[in-house]
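The values are calculated or read from the model by the stated rules, or taken from the named source; none is laboratory data. None of the values given here were measured: they were computed from a predicted structure. In this analysis, Cβ positions are derived from the backbone assuming ideal geometry, glycine residues included, and neighbour counts consider all displayed protein chains. Just so you know, the surface numbers come from the protein's heavy atoms only, side chains and all, with ligands and any DNA or RNA stripped out. Shrake-Rupley method; radii C 1.70, N 1.55, O 1.52, S 1.80 Å.
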Amino acid sequence: MGVGIRVTNLNAWYGDNHTLQDINLHMPANNATALIGPSGCGKSTFVRCLNRMHETNPIARATGSVMMGDLDIYKDASPVEVRRRVGMVFQRPNPFPTMSIYDNVASGLRLNGFRNRRVLDEVVERSLRSAALWDEVKDDLKRKSGASISGGQQQRLCIARALAVDPEVLLMDEPASALDPVSTSKIEDLIFQLKSQYTIVIVTHNMQQAARVAENTGFFLNGKMIEFAATHKIFTNPTDKRTEDYITGRFG
Amino acid sequence: MQPQGMVSSADAAASALEAGDGGSPSLIRTFLQGRGSSAVADGTFRNLMMLCSLSIFAIVAFIAWELVKGSSASIHEFGFAFFRTETWDPVSGEFGAWPFIYGTLVSSLLALLMAVPLAIGVAVFLTEMCPRPLRGPISFLTELLAAIPSVVYGLWAVFVLVPLMRDHIGPFLLKTLGWTGFFGGYNMGIGMLTASIILAIMILPIISSITREVMTAVPISQREAALALGATRWEMVRIGVLRNARIGIVGGVILGLGRALGETMAVTMVIGNSPQIAKSLFAPGYTLASVIANEFSEATGDLYLSALMEIGLALFLVTILVNALARLLVWAVTRGAPARVA
C-alpha cells in the first residue's frame, strides 16, 4: 500500500538559483501523478526533493515540508531512512554493471543486511514479475550482467530493483525518455498496474504519456507549479493560460 | 548571404565556393577530389604505429636475451637450484637467489598490505567526501609524494623511520603482537618491516592517484542508483563506486607492486642487506634489486658477475610472474562482467 504525499511550501536552490518556488500540492495514495513542463522548469528537482536526493549535490538545499503519510521526511527521518521507503527510477537506466540480474534486484535488500536466501529468491522473482521482465530473463538470472540486456530491459530491471525493497512511493524521472516506443509502452502498462500498490510520481516530457497513466497532473514552469488538477481537466480544460499554451504546443 | 559589393579575399573565396551552380565544380570539391585515395598515408601511418608497438617486444626480448647470455656461466654451474638455494657466499663461490627472491616478495607484499587500504581510503576521501576547495591541494600533495627521488626517502627512513622503529613502533609491536612470532628477536630498527614501510609510503601516491582517477570516472548515475536504494555513504561507495572501479584499482595496485618489486635505493638503505630468511620482520633481509646495486661494483670473478646477472634475470621473471598472476586474478574475478560502466 502506498501513502499520500502532501508538499507544503517547498523551496529548492542550486547555489543561488532558486529552482523551486513555494510548491504546494497533495498527491493521493495509490494514484499516479504526472509532472509535466518544459526542460529546466524544476520538475526533476521536485521529485528529487521527495526522496532527499536533491541534497546530495553539495551546492543544493531545500526548505519546506514533505509529508509522506504521517512522516515529515525533512524533520522526522534521515535521508537514508527516507530513501529506504521511497523507490526511484532514473531517466537513464542505471543497473549495476558488475552485478548479475539477480544481484541487481537483490541489491537493495542485501545492502540493508537482508540475507535470507529463500526469501531473496522469492522477492527477486516477484519484483521481476511485477516489472514484466521475469519471462525474458529467468534463464539468465545469475549468468547475465545487469548491463548486458537491452535498454528497455535495463529500465524494467531498475524498476524491479526499486520494487524489491517494497517502497511506499515510487518516483520516476522520465523513465521512458531514453527508450524506444515498444519499451515505452511496456513501461506505461507497468505504471498502470503498479499504481494499485504504490503511490507513483512520474516526470514526463510526453504529454500523451501523462494522459495515459496519471490520475492527476501538475504543470511546472520556471520553478513554479502553475496548475495541478485531474489529468483530464488539465488536458481538456486548463484554468491557466500558460498551461493551455504548453499543452497545445505554443511553447516549450 | 550574398556578398554585396565589398571586395575582399574572404568574399572572393565565398564566390569561388558558389561557382558550383554555374556547372563547373566548386573550389572545395575540386580540392578534395585532388587529394586522391590517401591509401599511402593510411598505410604509412599504420606501419609506423606497428613499428612503435613492436619495438616494445623487441626491447623486452633483447633484455631477456642479454640477461640469459650474461648469466650463462651461473646457469651452467647451478642450474635451476640457483633459484631455491639459500647460500650466497661469494668467497667460496656458492650462489643461491632464494633469500633475495624471498626478500623482494615479502617486502613488496607487506608494502601492498599497508599501502592499498590507505591509498583507497585517500581516494575515497578525495572523490566522495572532501570539500571541493581542499580536493586540489590534497591531490597535488599525494602526487608530489611520487615525485620525490627514492634516495631522499632512503635518507628520511635512515634518520627518522629507523629510530622510530627501534624505539617506539618495534617495542609496541613486540608487546602487542609478539606472540605471533613475526615481531621478535633483536630489533635494530633496520630490517624487513622498515623496508616495507618505506616501500608502502613510496607506492601510496601511485595507487591512490590511479584509484582516484578511476573512481572519478564512475558515472554519478551509479552513485545515485545506490543512494536511491537507501545506501549509506559507505555502502554507496562500496557498491556504486569501488565495485565499478575495481579493475582500474587493481591496475593501480599492479603498478604500485611493480615499483615496489624493483625499488632499489631506499630499500637498500634500510633493509639491512643480509641474505637470510627469518620469520621475524625485525630481522634484516635483502632484495634482488639491492644485491645487484650493492655488489655489482665489487663482483670479482666471472661466476660472481654471472650470478648477479642471474639475480637480474630472477627479478625479471618475478616481476613478469607476479604481474601475470595479478592479471589472472582480475580476469577470474571479473569474468562475464563488462570492463567499463556505460
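Of the residues in the stretch A:135-144, not one is modelled with pLDDT of 90 or more, basic (Lys, Arg) and closer than 18 Å to B:SER221 by Cα.
Within the stretch A:204-230, the set of residues being assigned to a strand (DSSP E or B), among the hydrophobic types (A, V, I, L, M, F, W, C) and surrounded by fewer than 24 Cβ atoms within 10 Å (Cβ to Cβ) comprises A:LEU221, A:MET225, A:ILE226, A:PHE228, A:ALA229, A:ALA230. For the residues A:GLU188, A:GLU215, the requirement of being within 24 Å of A:ARG83 (Cα to Cα) and of a type in the set (Asp, Glu) singles out A:GLU188.
Out of all the residues in the stretch A:178-200, is one or more surrounded by 19 or more Cβ atoms within 10 Å (Cβ to Cβ) and within 14 Å of chain B (Cβ to nearest Cβ)? No, the stretch A:178-200 has no match at all. Is it the case, given these coordinates, that B:ILE292 is in the same structural domain as B:ILE169 (by TED's automatic domain parsing) and within 30 Å of B:LEU126 (Cα to Cα)? Criteria not met by B:ILE292. Taking into account only those residues within the stretch A:125-147 that are buried (at least 18 other Cβ atoms within 10 Å of the Cβ) and within 14 Å of chain B (Cβ to nearest Cβ), which is nearest to the chain's Cα centre (by Cα)? If we take residues in the stretch A:125-147 being buried (at least 18 other Cβ atoms within 10 Å of the Cβ) and within 14 Å of chain B (Cβ to nearest Cβ), then A:SER127 is nearest to the chain's Cα centre (by Cα). Counting only helices (runs of 4 or more DSSP H) that fall entirely inside the stretch B:1-77 and contain at least 1 residues that are open to solvent by 60 Å² or more (accessible area, probe 1.4 Å) and modelled with pLDDT of 85 or more, the qualifying elements are B:27-33, B:39-70. Of all residues in the stretch B:192-240, those satisfying the criterion of being of a type in the set (D, E, K, R) and more than 14 Å from chain A (Cβ to nearest Cβ) are B:ARG212, B:GLU213.
Only one of the listed residues (B:ILE169, B:ILE203, B:ILE197) is over 27 Å from A:VAL165 (Cα atoms), assigned to a helix (DSSP H, G or I) and open to solvent by less than 10 Å² (accessible area, probe 1.4 Å). That residue is B:ILE203. Residues in the stretch B:249-276 that are closer than 16 Å to B:ALA115 by Cα and either within 14 Å of chain A (Cβ to nearest Cβ) or hydroxyl-bearing (Ser, Thr, Tyr) (or both): B:ILE249, B:VAL250.
Of all the residues in the stretch B:110-150, those that are assigned to a helix (DSSP H, G or I), of a type outside the set (Val, Ile, Thr) and within 20 Å of B:ALA195 (Cα to Cα) number 13. All conditions in (1) closer than 23 Å to A:LYS195 by Cβ; (2) open to solvent by less than 60 Å² (accessible area, probe 1.4 Å); (3) facing chain B (nearest Cβ under 9 Å); (4) not polar (S, T, N, Q) hold for A:VAL80, with the sole exception of (1). The residue of the stretch B:99-119 that is farthest from the other protein chains (Cβ to nearest Cβ), among those that are open to solvent by 40 Å² or more (accessible area, probe 1.4 Å) and of a type in the set (A, V, I, L, M, F, W, C), is B:LEU105.
Answer yes or no as to whether A:GLY42 is touching a Ser or Thr at 6+ places or on another chain (Cβ under 7 Å) and either closer than 23 Å to B:ALA225 by Cβ or crowded, with 23+ Cβ neighbours inside 10 Å (or both). Taking the combined requirement at face value, the residue satisfies it. Each residue in the stretch A:88-103 was checked for being open to solvent by less than 20 Å² (accessible area, probe 1.4 Å), farther than 12 Å from A:SER148 by Cα, in contact with a strand residue (DSSP E or B) (Cβ under 9 Å, 6 or more places away or on another chain) and more than 8 Å from every other protein chain (Cβ to nearest Cβ), and 1 pass.
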